[in-house]
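First comes the structure, then the notes that go with it.
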Amino acid sequence: MLILPIQRVPRYVLLLKELIALTPPDHPDFATLQSASAKIEVIAQDINKSIKEAESRDYCIQIQQKIDTKFGTVALPISNLVEAHRKFVKEGIVIKCIFPNERQNKKLFLFNDILLLCTSLSTFRSGKYSVDHTFFLEKTSVASPLTPDTFEIRDESMHCIFLVESSEVKQDWLITLGQTITLQKVQHEENRSRGIAFTRDLMAKEQVFNEATKCTVCQKDFSFFFSTRRKHLCRGCYHAVCSDCSDNRAAETRICDTCWTKSASGFLSSAMVLLKSLDN
């Protein structure tokens, strides 16, 4: 029964398309039907996206349950496989080539930000894997050797050549890995740029705070000797304020009277005071 509301949305898309096809362009409802069809298609796409993300998260949980390597180690230097940003992309069995003639069966788990190189454990622990190495995709590259059924993956500390069953499988891995690595490198650079900008902003605000001599709210001079005139940092606007003008808390942090008034807690508190005064 819970799935029925989700199943109805694609039916609405089809229904509206049929109505549009049967409605003359000069009909007064034609434009409304087109608008409704466009909006319901956006909703359907959002639902499909959410379903795929939920399925990906569920599969990440399943993979994590199969991993026998301790998190936070050299081979697996992450705290958790299941993260809000992490999505499963692809998995497959490959043969790791160790020169001159040694071969080892391996399992690759590809996510949007990492690639896990794993070894299947013994039959007594069926379905379990130990992690040999974690490739962080922003530091990883992939290449195609001259042989038709092998491909290379390397990062700063590991270089592997993998053998697969056919040139088609190789090509699929090369395309998927190439696209995923490119997207992660772009995302990593954007995150780095945002982090640099955020750090610069904090440094600028810290400098302004250190140089401030007057309270931003009441404009009175700060004083170390009087507790009500001491300098504090408002965690809402990051301005320098005195004790008198920042005797409020939002999520256990100090904020000034101005930010308190703007916040939901301050608004409700002010409204309660107003209502009490009206009752009196």
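The values are calculated or read from the model by the stated rules, or taken from the named source; none is laboratory data. None of these values were measured; they are calculated from a predicted model. Note: ideal-geometry Cβ built from the backbone for every residue, glycine included; neighbour counts use all protein chains shown.
Considering the stretch 100-138, and only residues there that are in contact with a Lys or Arg (Cβ under 9 Å, 6 or more places away or on another chain) and of a type in the set (Lys, Arg), the residue that is modelled with the highest pLDDT turns out to be 106.
Considering the conditions (1) within 30 Å of residue 152 (Cβ to Cβ); (2) touching a residue at least 12 places away in the same chain (Cβ under 8 Å), residue 186 is excluded by exactly one of them, (2). Based on what the data block shows, is residue 69 within 25 Å of residue 127 (Cβ to Cβ), out of contact with any Phe, Trp or Tyr (no Cβ under 7 Å at 6 or more places or on another chain), of a type outside the set (D, E, K, R) and surrounded by 13 or more Cβ atoms within 10 Å (Cβ to Cβ)? The answer is yes for residue 69. Just one of the numbered conditions (1) at pLDDT 90 or above; (2) assigned to a strand (DSSP E or B) is not true of residue 232: (1). Would you point out the residue of the stretch 138-176, among those that are of a type in the set (A, V, I, L, M) and touching an Asp or Glu at 6+ places or on another chain (Cβ under 9 Å), that is farthest from residue 74 (Cα to Cα)? So, considering only residues that are of a type in the set (A, V, I, L, M) and touching an Asp or Glu at 6+ places or on another chain (Cβ under 9 Å), the one farthest from residue 74 (Cα to Cα) is 169. Against the test of being modelled with pLDDT under 90 and not hydrophobic (A, V, I, L, M, F, W, C), the options 52, 87 yield a single qualifying residue, 52.
Table: residues versus (1) touching a helix residue (DSSP H, G or I) at 6+ places or on another chain (Cβ under 6 Å); (2) assigned to a helix (DSSP H, G or I); (3) at negative phi; (4) assigned by TED's automatic domain parsing to the domain that holds residue 242.
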| residue | (1), (2), (3), (4) |
| --- | --- |
| 165 | no, no, yes, no |
| 168 | no, yes, yes, no |
| 176 | no, yes, yes, no |
| 181 | yes, yes, yes, no |
| 188 | yes, yes, yes, no |
| 199 | no, yes, yes, no |
| 202 | no, yes, yes, no |
| 207 | no, yes, yes, no |
| 225 | no, no, yes, yes |
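Only one of the numbered conditions (1) buried (at least 17 other Cβ atoms within 10 Å of the Cβ); (2) basic (Lys, Arg); (3) within 26 Å of the chain's Cα centre (by Cα) is not met by residue 170, and that is (3). In the set 138, 55, only one residue is under 16 Å from the mean Cα position of the chain (by Cα) and either surrounded by 15 or more Cβ atoms within 10 Å (Cβ to Cβ) or assigned to a strand (DSSP E or B) (or both); that residue is 138.
Determine if the stretch 22-37 includes at least one residue that is under 30 Å from residue 88 (Cβ atoms) and either among the basic types (Lys, Arg) or part of a helix (DSSP H, G or I) (or both). Within the stretch 22-37, none of the residues are under 30 Å from residue 88 (Cβ atoms) and either among the basic types (Lys, Arg) or part of a helix (DSSP H, G or I) (or both). Among the residues of the stretch 115-131, is there at least one that is in contact with a Leu (Cβ under 6 Å, 6 or more places away or on another chain), among the β-branched types (Val, Ile, Thr) and either under 21 Å from residue 164 (Cα atoms) or free of Cβ contacts under 8 Å to residues at least 24 places away in the same chain (or both)? Yes, the stretch 115-131 contains at least one residue that is in contact with a Leu (Cβ under 6 Å, 6 or more places away or on another chain), among the β-branched types (Val, Ile, Thr) and either under 21 Å from residue 164 (Cα atoms) or free of Cβ contacts under 8 Å to residues at least 24 places away in the same chain (or both).
In contact with an Asp or Glu (Cβ under 9 Å, 6 or more places away or on another chain), outside the structural domain of residue 135 (by TED's automatic domain parsing) and in a helix (DSSP H, G or I): is that true of residue 9 in this structure? No, not satisfied. Give the stretch 74-97 a look and list any residue that's free of Cβ contacts under 8 Å to residues at least 40 places away in the same chain and under 17 Å from residue 119 (Cβ atoms), or say none. The answer is 74, 81, 91, 93. Can we say residue 218 is assigned to a helix (DSSP H, G or I) and touching a Cys at 6+ places or on another chain (Cβ under 7 Å)? Here the answer is no, as residue 218 does not meet what is asked.
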